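Taking it in order: structure first as structure tokens, then the write-up.
The values are calculated or read from the model by the stated rules, or taken from the named source; none is laboratory data. All values derive from a computational prediction rather than experimental measurement. Cβ coordinates were reconstructed from backbone atoms using ideal geometry, including for glycine residues, and neighbour counts include every protein chain displayed.
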Amino acid sequence: MSNLARWQPVYHMAASSGITYSRDFTLATVPGPYGVGTTIVYLKNEPPFNPGREIITNRKSTGNAYLTKGGTTSIERITGVEAPTTSFEFDFEAKAAFIPLLTLFQDVTTTLVASGITKVFNCYTSSAVSKYAVLLRTLETVKSQLIKGAIANSITISGTEGEAVTMSVEWLGADMDGNASTGVTAWAATDAESFLMFKDITCGYSDGTTNPTGTTVDIVGFDITMTNNAVARHYNNATIKKYILGDFMVEGTLRFPWGATTVGSDTFFTHLNAGTDFQIAFYKNSYLETSASTTAGEFSILLNVEADDVVTTSDDEMTNEISFTGIYDGTSYPVSIKLHDAIDRTTY
């Protein structure tokens, strides 16, 4: 057997319409993050695929002080249900972000505009799950690892001054094949401009009475975590039969200079003490909530939140750090995300 270095595995993901459906990644028709036929995803981490196989240990009257096996039959250790997991971390990029967001939100609308298609993700109103992903970790040609029926259980988008914006995805799968056969060799055509740098982001604020693009804010860093709290149900099956979407939660933090115009000083202390909600927007180039983008790679995230805490700290300068929770105020939802990646995904 040949050695396999940690840098050799390559990761792929593709959209899937069924919880038990297994993609053939060698086909040119596979719907991947960079379009049909291109499924590779460039990860910053090197995640294992955890089978999540439950082992039930029940001591029996074997007369032994130690666990016992009767021939080839397990007496005191029984194989239970399976729930594979893994985590992907990559530089935020509109194309690579689509499949994780699709499986987290379980809903997307597309709007045809000029040179491409804008995808809109809003909070779900149904507990049903119908959008899945198939995840592949290539090891050897016939011994790669495949997770079927995967959904994003949690997604965090974060950015820090001087760095690239990162998306972290926690996956929950329905079944895993540890000896999957694949001949995947295709690489995605991408370029440095497709990855989102912190310097490319505009942050806007509003007290809810105006558009958040009216007041832009210099920020030091941010993170947004969205969780669908999906529950996996096995019923009388060894693998997951279906998921049920739970409470949709949005939480995060935002850091900005104390002296920031309009939102500096005690602005968010006022929100915290009064229990009033406000809006935060993050976007690239144009604000997609109010304009139709025509440039691939553009995006917007609109948050309607209440402050959980406000802490003033010092480093090189005094900064405010607010922690927040997304909330529906009867008009605005906790989060709405738009991506413009210039790929027709109407068949995903």
So Thr118, is it surrounded by 14 or more Cβ atoms within 10 Å (Cβ to Cβ), modelled with pLDDT under 80 and within 19 Å of the chain's Cα centre (by Cα): yes
Every residue from region 126-162 that is surrounded by fewer than 22 Cβ atoms within 10 Å (Cβ to Cβ), of a type in the set (Ser, Thr, Tyr) and at pLDDT below 90: Thr138, Thr141
Val36 modelled with pLDDT of 85 or more and either surrounded by 14 or more Cβ atoms within 10 Å (Cβ to Cβ) or on the phi > 0 side of the Ramachandran plot (or both): no
Only one of Thr190, Thr166, Thr262, Thr215 that is closer than 26 Å to Val30 by Cβ, modelled with pLDDT under 85 and in contact with a Phe, Trp or Tyr (Cβ under 8 Å, 6 or more places away or on another chain): Thr190
Among (1) surrounded by 13 or more Cβ atoms within 10 Å (Cβ to Cβ); (2) without any contact (Cβ under 8 Å) to a residue 60 or more places away in the chain - the single one Leu27 does not satisfy: (1)
All positions within region 290-325 that are closer than 30 Å to Asp344 by Cα and either surrounded by fewer than 17 Cβ atoms within 10 Å (Cβ to Cβ) or modelled with pLDDT of 90 or more (or both): Thr290, Ser291, Ala292, Thr294, Thr295, Ile301, Leu302, Leu303, Asn304
Number of positions in region 301-348 that are touching a residue at least 40 places away in the same chain (Cβ under 8 Å), closer than 16 Å to Phe256 by Cα and assigned to a loop (DSSP other than H, G, I, E, B): 1
Whichever residue in region 326-347 is at pLDDT 85 or above and of a type in the set (D, E, K, R) and, among such residues, is farthest from Phe268 (Cα to Cα): Lys338
Region 220-257 - residue that is hydrophobic (A, V, I, L, M, F, W, C) and not in a strand (DSSP E or B) and, of those, modelled with the lowest pLDDT: Ala238
Residue match in region 265-278 (condition: part of a strand (DSSP E or B) and either buried (at least 18 other Cβ atoms within 10 Å of the Cβ) or modelled with pLDDT of 90 or more (or both)): yes
All strands (runs of 3 or more DSSP E) inside region 1-91 with 1 or more residues being of a type in the set (Gly, Ala, Ser) and under 27 Å from the mean Cα position of the chain (by Cα): 10-16, 85-91
